[in-house]
1. Taking the criterion of being part of a strand (DSSP E or B), of a type in the set (K, R) and surrounded by 17 or more Cβ atoms within 10 Å (Cβ to Cβ), would at least one residue in the stretch 11-32 satisfy it?
2. Within the stretch 61-75, restricting attention to residues that are part of a helix (DSSP H, G or I) and among the charged types (D, E, K, R), which residue is surrounded by the fewest Cβ atoms within 10 Å (Cβ to Cβ)?
3. Looking for whichever is surrounded by 15 or more Cβ atoms within 10 Å (Cβ to Cβ), under 9 Å from the mean Cα position of the chain (by Cα), more than 21 Å from P99 (Cβ to Cβ) and of a type in the set (G, A, S) here; the options are A47, A58, A2, A78. Which one fits?
4. Restricting to the stretch 81-100, count the residues that are among the hydrophobic types (A, V, I, L, M, F, W, C), over 13 Å from the mean Cα position of the chain (by Cα) and at pLDDT 95 or above.
5. Against the definition (part of a helix (DSSP H, G or I) and under 22 Å from K31 (Cβ atoms)), how does Y45 come out, yes or no?
6. Starting from the stretch 62-91, take each residue that is closer than 17 Å to L50 by Cα and list its partners that are surrounded by 12 or more Cβ atoms within 10 Å (Cβ to Cβ) and of a type in the set (K, R), counting only C-beta distances under 7 angstrom and pairs at least six apart or across chains.
7. Six or more apart or on different chains, Cβ atoms under 8 Å: show the pairs whose first residue is in the stretch 20-47 and over 22 Å from Y65 (Cβ atoms) and whose second is in a loop (DSSP other than H, G, I, E, B) and modelled with pLDDT under 80.
Amino acid sequence: MAIIGKDIKECKEIEKQISKIREDVKLIQGKDSKYNAGISVVPSYLAKGLEFDCVIIANANNERYSNNSLDIKLLYVAITRAMSKLDIFYTNTKSKILPC
């Protein structure tokens with residue numbers, strides 16, 4: 001399972017919060033691109049080439065992912081990492097680049 005955030009700052013905060021209740025949380029950074037079971041927290045720009053049974057995209061709101069080519073690519077990579085189940089969460093207004 002992976003939780004994908006937009007950037008490393010967001011992912012560090014997610015990892016910090018989840019590690020309070022779970023021990024099997026790992027933040028994947030630059031050189032650590034290996035999945036070792038449990039919950040992986042991954043910035044969207046490092047998720048390319050990785051696959052997970054279940055993916056949660058954290059905070060895919062309009063402020064985090066706006067309608068520009070970089071954000072579209074990052075969100076596309078995040079969405080396509082899920083092999084079986086995908087959940088997308090957001091606060092306020094969902095990103096306008098999400099179709100539904």
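The values are calculated or read from the model by the stated rules, or taken from the named source; none is laboratory data. All of these numbers come straight from a predicted model, not from anything done at the bench. For neighbour counting, all protein chains shown are included, and Cβ atoms are generated from backbone atoms with ideal geometry for every residue, glycine included.
1. Step one: list which residues in the stretch 11-32 are part of a strand (DSSP E or B), which gives 25-27.
Adding the requirement that they be of a type in the set (K, R) leaves 26.
Filter again for surrounded by 17 or more Cβ atoms within 10 Å (Cβ to Cβ), leaving 26.
Looking for residues that are part of a strand (DSSP E or B), of a type in the set (K, R) and surrounded by 17 or more Cβ atoms within 10 Å (Cβ to Cβ), one finds at least one in the stretch 11-32, hence yes.
2. K73
3. Exactly one residue qualifies, and that residue is A2.
4. 1
5. Against the criterion (part of a helix (DSSP H, G or I) and under 22 Å from K31 (Cβ atoms)), Y45 qualifies.
6. Listed by first residue and then by second, the contacts come to L74/K6; V77/K48.
7. Once the first residue is over 22 Å from Y65 (Cβ atoms) and sits in the stretch 20-47, its partners that are in a loop (DSSP other than H, G, I, E, B) and modelled with pLDDT under 80 give D24/A37; K26/D32; K26/N36.
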